[in-house]
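All remarks here apply to the structure that follows.
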Amino acid sequence: MTGKDSGFARSAFPTQRHVPPNPLAQRSKPLPLAMEAEPIRCALKELLPLTFRQVRRTEQERMFNGLIQAHHYLGYTQPVGEHLKYMVWSGDRLLACLAWSSAPRHLGPRDRFIGWSKEQRQRNLRFLAYNPRFLILPWVAVPHLASHILGRMARILPADWQRIYGHDIVFLETFVDPTRYKGTCYRAANWTVLGLTTGRGKNDLTHKANRPIKQILGYPLCRDFRQRLAA
């Protein structure tokens with residue numbers, strides 16, 4: 001090959017572009033907060049009323065992150081997009097932590113349940129909120145507490161989302177690992193089992209499961225959620 005030919009061959013390939021680092025992927029994990037407390041074993045009514053505190057961008061957010069890192073089997077990961085974080089208290093006793101975030105962009109069982117088109121999903125996905133973490137702290141053993149918290153959250157979350165992000169949410173969703181849990185508290189709070197994930201990530205190119213298959217559960221916040229999400 002002549003020098004001229006080799007030069008042409010080199011120019012036929014585009015110069016590799018620099019890909020900027022993803023700040024979320026490189027974000028350091030919070031320090032685990034392996035907090036201990038006196039065991040709480042009682043009837044639910046003995047803890048009422050409960051206080052729900054939205055702690056994102058407050059002094060308690062670091063505590064929330066550390067507790068999730070220490071006590072949730074998945075650890076802490078930074079929620080995607082719009083998100084809120086709640087800590088649930090009974091007086092001065094901390095009971096639970098919940099995170100809510102923007103919903104995954106495509107879930108076949110969910111999308112079929114809603115019945116929206118691809119264009120409607122792209123336009124209205126922001127009206128869904130996803131529950132990536134729900135932690136009842138390990139020293140708390142109170143029957144029906146988890147389902148009660150989910151029921152309260154369904155009433156509290158829409159108003160907070162509207163106040164902070166300026167738009168409604170009309171549908172909640174979550175994943176449950178069936179090898180670990182049965183999703184009993186979600187079912188008791190009237191969430192609906194929608195189906196299973198494929199076990200593939202959003203950027204999968206192999207069409208093979210490469211992560212645990214999860215059960216998908218959903219909870220409509222209003223009766224006309226299908227009409228609103230197809231608007």
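Amide H to amide H, with H built 1.01 Å from N, Leu33 comes under 5 Å of Leu67, Gln69, Ala70, counting only residues 5 or more places away or on other chains. Rounded to whole numbers, the Karplus 3J(HN,Hα) couplings from phi for the stretch 65-71 are 4, x, 5, 4, 4, 7, 10 Hz, using 6.51 cos²θ - 1.76 cosθ + 1.60 with θ = phi - 60°, and x at Gly and Pro. The tail of the calculated P(r) for the stretch 20-169 beyond 27 Å holds 29 percent of all Cα-Cα pairs.
Ordered by the number of other Cβ atoms lying within 10 Å of each residue's own Cβ, fewest first, Glu82, Glu38 fall into the sequence Glu38, Glu82. Counting neighbouring Cβ atoms within 10 Å and putting the fewest first, the residues Met87, Met63, Met35 line up as Met35, Met63, Met87. Among Asn131, Trp161, Ile114, whose Cα lies farthest out toward the positive end of the dipole of the stretch 104-175, if unit charges sit on the beta carbon of Lys, Arg (+1) and Asp, Glu (-1)? Highest projection toward the positive end goes to Ile114.
Dipole of the stretch 93-208, Cα-centred, from +1 at each Lys and Arg C-beta and -1 at each Asp and Glu C-beta, to the nearest 20 debye? Display every interim value, and only then the final one.
Numbers: 18 positive and 7 negative charges, 25 e Å.
My answer is approximately 120 debye.
Near the amide H of Leu221, within less than 5 Å, lie the amide hydrogens of Phe171, Leu172, all on another chain or at least 5 residues away, with H placed in the peptide plane. Computed from phi, the 3J(HN,Hα) profile of the stretch 98-110 under the Karplus parametrisation 6.51, -1.76, 1.60 (θ = phi - 60°) reads 9, 10, 10, 8, 4, 7, x, 6, 8, 9, x, x, 5 Hz, with x in place of Gly and Pro. Loop-resident chymotrypsin sites (Phe, Trp or Tyr not before Pro) (DSSP state other than H, G, I, E or B) in the stretch 30-77 with no more than 16 further Cβ atoms inside 10 Å of their Cβ: Tyr73. Stretched out straight at 0.36 nm per residue, the stretch from Ala188 to Gln120 would grow longer than its current Cα-Cα span by 21.4 nm. Exposure proxy ranking for Tyr86, Tyr165, Tyr181, based on other Cβ atoms within 10 angstrom of each Cβ and starting from the fewest, stands as Tyr181, Tyr165, Tyr86.
Each reported figure results from applying straightforward, stated rules to the coordinates on display, with no laboratory input. Worth saying up front: this structure is predicted, and the values here are computed from it rather than measured. Note that we place each Cβ from the backbone using ideal geometry, even for glycine, and neighbour counts take in every protein chain shown.
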